[in-house]
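Working notes, beginning with the structure itself.
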Amino acid sequence: SQQGEEDPQALSIQEGENATMNCSYKTSINNLQWYRQNSGRGLVHLILIRSNEREKHSGRLRVTLDTSKKSSSLLITASRAADTASYFCATSEADRGSTLGRLYFGRGTQLTVWP
Amino acid sequence: DAGVIQSPRHEVTEMGQEVTLRCKPISGHNSLFWYRQTMMRGLELLIYFNNNVPIDDSGMPEDRFSAKMPNASFSTLKIQPSEPRDSAVYFCASSSRTGWVEAFFGQGTRLTVV
């Protein structure tokens, strides 16, 4: 399966600390995306990194991609209580015919940020 | 734009009944996805459409599930007959260029089959 897997499953930190979540996947991709889901809500797109990129920033978010290791990490700096949510990585396969366009989601990391 | 709109937000039905979930994608988006989320299985892609045509329905669990997209602004996911194991949150998502850009999710329909 192409499905990404996030690690850890759960992460609990204090406000102000940095949070790092990892994602591993199995086959070639054309991009990897990170999404956030607040309890009881839909997923919200955070950032997309293409297969030819190694690092990308957006505000307090930093994403890295290592295609040789088939892994990505999401770093949230100076975390806030409002960052409490589940975070998912999603991969888009490269050139797979009928599966082109599928977004494969991992099981997510539940992040809790304590005030 | 109001985003992806799903209805109803919550549905409680008895086993054996037909359930229809509805989705209005973002105007101009040409790809639409139906996902199911449960604690046990996570987020599963059921089916996706490109330009109103089903491209991949390999995730549809059984013949009891069917999806249609009669036009670019509306899609339905139907379960007939429903079973308790179908209880989940069903999400619809749309994107403007399949796989190359982000998907926008609706708020989901929480389905409970009793």
### Query
Taking the range B:51-65 as the search range and keeping residues that are modelled with pLDDT of 90 or more and surrounded by 17 or more Cβ atoms within 10 Å (Cβ to Cβ), which one is nearest to the other protein chains (Cβ to nearest Cβ)?
B:60
### Residue count, the range A:45-57 (criterion: assigned to a strand (DSSP E or B) and either at pLDDT 95 or above or buried (at least 17 other Cβ atoms within 10 Å of the Cβ) (or both))
8
### Query
Is at least one residue of the range A:2-23 within 20 Å of residue B:35 (Cβ to Cβ) and without any contact (Cβ under 8 Å) to a residue 60 or more places away in the chain?
no
### Query
Quick one: in the range B:22-50, which of the residues that are among the polar types (S, T, N, Q) and part of a loop (DSSP other than H, G, I, E, B) is surrounded by the fewest Cβ atoms within 10 Å (Cβ to Cβ)?
B:27
#### Entry: Members of the range A:10-38 found to be within 11 Å of chain B (Cβ to nearest Cβ) and not charged (D, E, K, R), listed by number
A:29, A:30, A:31, A:33, A:34, A:35, A:37, A:38
## Note on the structure
If you go through B:4, B:19, the only one that is in contact with a helix residue (DSSP H, G or I) (Cβ under 9 Å, 6 or more places away or on another chain) and either under 30 Å from residue A:109 (Cβ atoms) or surrounded by 13 or more Cβ atoms within 10 Å (Cβ to Cβ) (or both) is B:19
### Task
Identify all residues within the range A:64-90 that are away from every other protein chain (no Cβ under 14 Å), in a strand (DSSP E or B) and over 14 Å from residue A:30 (Cα atoms); write none if there are none.
A:64, A:73, A:74, A:75, A:76
### Query
Mind checking which residues of the range B:20-37 are more than 9 Å from the chain's Cα centre (by Cα) and within 11 Å of chain A (Cβ to nearest Cβ)?
B:30, B:31, B:37
## Note on the structure
Residues of the range B:32-90 being of a type in the set (Asp, Glu) and under 18 Å from residue B:105 (Cα atoms), in sequence order, are B:44
### Query
Just to be sure, is residue A:44 without any contact (Cβ under 8 Å) to a residue 40 or more places away in the chain and under 27 Å from residue B:88 (Cβ atoms)?
yes
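The values are calculated or read from the model by the stated rules, or taken from the named source; none is laboratory data. Quantities reported herein were computed from a predicted structural model and do not represent experimental measurements. Note: ideal-geometry Cβ built from the backbone for every residue, glycine included; neighbour counts use all protein chains shown.
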